[in-house]
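The values are calculated or read from the model by the stated rules, or taken from the named source; none is laboratory data. Remember, predicted model here, so these are calculated numbers, not experimental data. Glycine gets a Cβ as well: all are built from the backbone with ideal geometry, and neighbour counts include every protein chain shown. For accessibility, only protein heavy atoms count, side chains too; no ligands or nucleic acids. Shrake-Rupley method; radii C 1.70, N 1.55, O 1.52, S 1.80 Å.
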Amino acid sequence: MTTITFDDVTKKFPARGGNSTEVTALSGVDLRIESGELAVIVGPSGSGKSTMLDLLAGLDLPTSGEIRLDGRPITGPGLDRGVVFQQYALLPWRTAQSNVEFGLEAKQVPRPQRRDRAREYLDLVGLSGFENHYPHQLSGGMKQRVAIARSLAFDPEVLLMDEPFAALDAQTRDLLQEELLRIWESTRKTIVFITHGIDEAVFLGQRVAVLTSRPGTVKDVVEVELTHR
Ligand code: ADP
Ligand code: ADP
């Protein structure tokens with residue numbers, strides 16, 4: 001169970017190249033994401049969504065302010081966070097099964113358990129029967145399912161998703177949105193989902209944080225009526 005808080009988080013990037021002014025990607029962001037929530041962060045390009053996710057993933061540090069997981073400040077990597085990006089980042093020379101097992105090898109989970117857990121999560125994302133397929137034998141949607149299974153098999157405290165369906169066709173995207181809701185309902189993981197699509201945000205989110213650009217701030221946090229579920 002993991003509650004995430006952004007407490008007055010500002011992120012500035014130094015001036016770079018021909019650009020003489022620093023970029024304020026986030027300015028005084030306050031946000032609370034409750035344990036077990038599927039929270040969506042939506043905003044236009046350049047509003048700081050990826051920066052928020054990078055900070056959550058521990059890939060970068062805020063310039064000022066603090067991000068906490070259950071009250072503990074996040075400082076760099078170390079905590080269990082699963083990340084699913086727009087690009088699948090699967091290893092092409094490994095099967096679906098073996099891609100899902102990959103993260104578990106690093107965690108030194110014994111082989112038989114790795115195999116069982118990978119099968120279980122491939123089943124959860126609807127890929128039973130595709131264990132021995134290589135990425136090039138799978139469609140875009142299926143590859144993204146493998147990426148989701150890989151992140152979940154790792155049993156992270158929080159699942160971070162950065163525009164994971166943006167590269168998919170509309171029909172596959174709709175299907176995976178439904179799948180993600182089902183997975184979230186069965187696992188009750190805390191999920192932070194980033195998108196620039198308002199439709200996707202409102203469909204998936206229990207609460208939607210709306211970012212505005214120049215400089216990135218949280219403009220509003222909208223509670224979504226879940227009448228469509
Ligand atoms: P979004 O994901 O909403 O498109 P980003 O978080 O990628 O927004 O970017 C927010 C702002 O910060 C943009 O103006 C972007 O150009 C800038 N930015 C992001 N990363 C860097 C970086 N590494 N160096 C300099 N500026 C950056
Ligand atoms: P997206 O719009 O998909 O979030 P971007 O094209 O904004 O992607 O950014 C791609 C990468 O480049 C990111 O890792 C981001 O941190 C970095 N980046 C974005 N803007 C800048 C910038 N002005 N200077 C340096 N790096 C940047």
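Scattering from the chain was approximated by placing one identical point on each alpha carbon and applying the Debye formula without solvent; log10 I(q)/I(0) at 0.08, 0.09, 0.11, 0.16 1/Å stands at -0.30, -0.38, -0.56, -1.13.
Among the trypsin sites (Lys or Arg not before Pro) within the stretch 90-128, which fall in a DSSP loop and have no more than 16 other Cβ atoms within 10 Å of their own Cβ?
Numbers: sites: Arg94, Lys107, Arg114, Arg115, Arg117, Arg119; in loops: Arg94, Lys107.
Those that pass, being in a loop and sparsely packed, are Arg94, Lys107.
Ignoring solvent entirely, what values of log10 I(q)/I(0) come out of the Debye formula for the stretch 1-42 at 0.21 Å⁻¹ when each Cα is a single scatterer? So the normalised log intensities are -0.74. Bridging of Lys189 to lysines at a Cα separation below 25 Å is possible for Lys49, Lys107, Lys143, once same-chain residues fewer than 8 apart are set aside. Taking the Cβ of Ala170 as the centre, find all other residues whose Cβ is under 14 Å away and add up their charges (Lys, Arg: +1; Asp, Glu: -1). Taking every Cβ under 14 Å from that of Ala170, the sum is -4.
With a sphere of radius 11 Å drawn around the Cβ of Leu124, what net charge do the other residues whose Cβ falls strictly inside it have (Lys, Arg +1; Asp, Glu -1)? Charge balance near Leu124 sits at +1.
How charged is the neighbourhood of Pro62? Take every other residue with its Cβ under 12 Å from the Cβ of Pro62, and add Lys/Arg as +1 and Asp/Glu as -1. Once all neighbours under 12 Å are counted, the net charge is -2.
A Förster radius of 25 Å, combined with the Cβ-Cβ distance separating Glu22 from Gln87, puts the computed FRET efficiency at roughly 0.30.
Note on the stretch 2-60: with neighbouring protein chains present and a 1.4 Å probe, carbon and sulfur make up 45 percent of its accessible heavy-atom surface. Just the number, please: carbon plus sulfur as a percent of the accessible area of the stretch 107-219, 1.4 Å probe, no ligands or DNA/RNA counted. After summing per-atom areas, the C and S share lands at 46 percent.
Computed across the stretch 91-154, the Kirkwood radius stands at 11.2 Å (inverse of mean 1/r, all Cα pairs). Sorting 55-62, 98-105, 166-173, 141-148 by their mean Cβ neighbour count within 10 Å, with the most densely packed peptide first, gives 141-148, 98-105, 55-62, 166-173. Per residue, the accessible area of the chain comes to 49 Å², computed with a 1.4 Å probe over protein heavy atoms only.
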